[in-house]
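Before any comments, here is the structure.
The values are calculated or read from the model by the stated rules, or taken from the named source; none is laboratory data. Here the structure is a predicted model, which is why all the values come from computation and not from measurement. As a convention, Cβ positions derive from the backbone with ideal geometry for all residues, glycine included, and neighbour counts pool all protein chains shown.
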Amino acid sequence: MNTPARSGSPGPVTLVEDGTKIKGSLSSSVPVIVHGNVEGDVDSPAVTVSATGAISGMVVTNTLQSVGKIAGDFDVEQATVAGVVAVGTVVRATGMDLKLEAKDPTKKIELRFGAAAKK
């Protein structure tokens, strides 16, 4: 998955740079790109988590793209996840594209599917 470049993103974005840590709520009317660390609630039309990025908390967005680390509760329309997903993380989406691998070759990833009500 391609993540937007730091300086080459089309249009306005909210950018959390590598080395930056935000703790609390983040609400943005433009896409959020995370290269750093966000702990808390995020509300944005689109959220991208780069390989150096991490989000933990409650996230509400139309589009989630992650090659970084995610944890918490995600209520999205479309999710593309290829990074690290913490144990206990919930992703509710109308569509998902997953590419996940177990970090420990002696263990497996478990997914449970079911219908979820929209929040």
Out of (1) buried (at least 16 other Cβ atoms within 10 Å of the Cβ); (2) of a type in the set (S, T, N, Q); (3) closer than 21 Å to GLY11 by Cβ; (4) free of Cβ contacts under 8 Å to residues at least 60 places away in the same chain, the odd one out for GLN78 is which?
(1)
On the basis of being outside any loop (DSSP other than H, G, I, E, B) and surrounded by 13 or more Cβ atoms within 10 Å (Cβ to Cβ), does VAL30 make the cut?
no
In the range 38-52, residues that are in a loop (DSSP other than H, G, I, E, B) and of a type outside the set (A, V, I, L, M) total 6
Select, from GLU101, GLU39, the only residue that is farther than 19 Å from THR20 by Cα and not hydrophobic (A, V, I, L, M, F, W, C).
GLU101
So LEU64 fits all but one of (1) modelled with pLDDT under 95; (2) closer than 28 Å to GLY19 by Cβ; what number is the exception?
(1)
Does THR61 satisfy the condition of being hydroxyl-bearing (Ser, Thr, Tyr) and touching a Ser or Thr at 6+ places or on another chain (Cβ under 6 Å)?
yes
For the range 43-65, what are the residues that are touching a Phe, Trp or Tyr at 6+ places or on another chain (Cβ under 9 Å) and surrounded by 22 or more Cβ atoms within 10 Å (Cβ to Cβ)?
VAL47, ILE55, VAL59, THR61, LEU64
